[in-house]
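Reading through the structure tokens given below for one structure.
Nothing in this text is a laboratory measurement; each read-out follows from the coordinates by a stated rule. Everything quoted here is computed from the prediction, not taken from an experiment. Here the Cβ positions follow ideal geometry from the backbone for every residue, glycine too, while neighbour counts run over all protein chains shown.
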């Protein structure tokens, strides 16, 4: 199951629910989100912080998620560039087994 990040609109609604005193489980049901997601924002607001601070922290952490970028050794990069200049397609270059590529799969 993939994670769907909170939008600014959803965060604003969660903050409004918190200010109104709406229980987190009710807000979760209305927004069709996990209760833990709503509780996490509620706890942040209970600590005296603002929704703007939560959004900044959330976006900073969100940038770190996902697949990390792969760094190929210079030898492999040069080999790939040479084969592309020769007219080869990427799947042909990797499938040849002539020269090992470290990030094949």
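Determine, yes or no, whether residue 66 is more than 18 Å from the chain's Cα centre (by Cα), surrounded by fewer than 10 Cβ atoms within 10 Å (Cβ to Cβ), in a loop (DSSP other than H, G, I, E, B) and without any contact (Cβ under 8 Å) to a residue 24 or more places away in the chain. It is false that residue 66 is more than 18 Å from the chain's Cα centre (by Cα), surrounded by fewer than 10 Cβ atoms within 10 Å (Cβ to Cβ), in a loop (DSSP other than H, G, I, E, B) and without any contact (Cβ under 8 Å) to a residue 24 or more places away in the chain. Residue check: residue 33 meets all listed conditions (1) assigned to a helix (DSSP H, G or I); (2) surrounded by 13 or more Cβ atoms within 10 Å (Cβ to Cβ) but one, namely (1).
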